[in-house]
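Data block below; observations after.
Each reported figure results from applying straightforward, stated rules to the coordinates on display, with no laboratory input. Just so we're clear, the structure is a prediction, and the values are computed from it rather than from any experiment. Every residue, glycine among them, receives a Cβ derived from its backbone with ideal geometry; neighbour counts consider all protein chains shown.
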Amino acid sequence: MNPMTKALFASFASILVLAGASGSAAGQTSLARLAGVAAVQPPAEQPKKDDVKKEEPKKEDKPATPPQEKPVAQFEYVKMSTSKGDIYLELDHGKAPISTENFLRYVDKKFYDGTVFHRVVPDFVVQGGGFDKDLKKKETAAPIKNEWQNGLKNKRGTVAMARTSAPDSATSQFYINLKDNAPLDDGSRTGAAYAVFGKVVNGMDVVDKIAQAKTTTKTADRQPFENCPVEPITINSVTRVTKDEAEKKK
């Protein structure tokens with residue numbers, strides 16, 4: 001080995017000792033500098049995909065959607081089973097909602113079951129829905145508002161709310177018109193007429209049978225009942241039915 005080669009070897013060996021002895025970044029940097037290579041920082045460790053949290057786009061707060069109300073039917077139908085036969089009524093909820101809902105509340109509570117037609121006036125009306133066969137008055141709910149200006153008229157076959165002379169006094173009693181009763185639509189003298197809320201759609205022949213009943217004056221609880229059928233005409237039950245059931249042909 002010539003003198004020049006020895007000198008290079010000794011110099012390179014001293015560099016290795018310096019780097020190995022320090023074992024530090026400074027030593028490694030010195031080694032790189034001495035070797036004529038620029039110091040390079042190790043690449044930063046990239047986060048794992050699982051560690052990267054993606055920012056979810058914020059959802060705009062929307063106002064809560066109010067619950068949808070079940071649409072109310074324009075008409076409701078009931079079957080009135082009497083001791084003379086069945087009568088089917090169409091109740092006009094669209095034009096007489098207060099009277100219709102009031103009537104149906106009594107129907108659902110079976111209030112009318114066992115009541116009678118206590119007033120029968122030929123060529124006028126048949127009336128019932130308030131007394132049992134002994135003419136004992138049944139307890140009712142509070143009176144309702146008179147809907148006499150709803151556009152419905154007291155025509156033959158229509159059903160309306162019976163009341164006292166006070167306009168808003170109707171409770172459970174009703175009547176069915178045996179003919180067109182225009183005077184019952186006239187509220188000019190008393191400030192209110194009589195509220196129609198439905199009509200007979202099947203069984204008007206039964207209504208006419210009821211109208212033919214023999215009547216008399218009876219007394220119950222010291223109260224006279226004029227035009228009262230001699231033989232009680234009972235409402236056995238009143239139940240809700242479908243339109244098809246109400247309008248079916250006998």
Query raised in the report: What list do you get for Glu90, Glu245 if you sort them by fewest beta carbons within 10 Å?
Result: Glu245, Glu90
Report summary line: Expected sort for His118, His93 with the fewest Cβ neighbours (10 Å cutoff) up front is His93, His118
**Report entry** Gap separating the Cα centres of region 219-242 and region 118-133, nearest whole Å
**Finding:** 6
Report summary line: The rounded separation in angstrom of the Cα centers of region 69-97 and region 140-166 is 15
Report summary line: Neighbour-count ranking for Ser188, Ser169, Ser99, Ser81 (other C-beta within 10 angstrom, fewest to most) reads Ser188, Ser169, Ser81, Ser99
Query - Separation in nanometres of the label points that stand 7 Å from Cα toward Cβ, at Ser237 and Lys136 - result: 2.3
**Report entry** Members of Lys179/Lys248; Lys109/Lys155; Lys137/Lys248 lying beyond 32 Å, as alpha-carbon distances in this model show
**Finding:** Lys137/Lys248
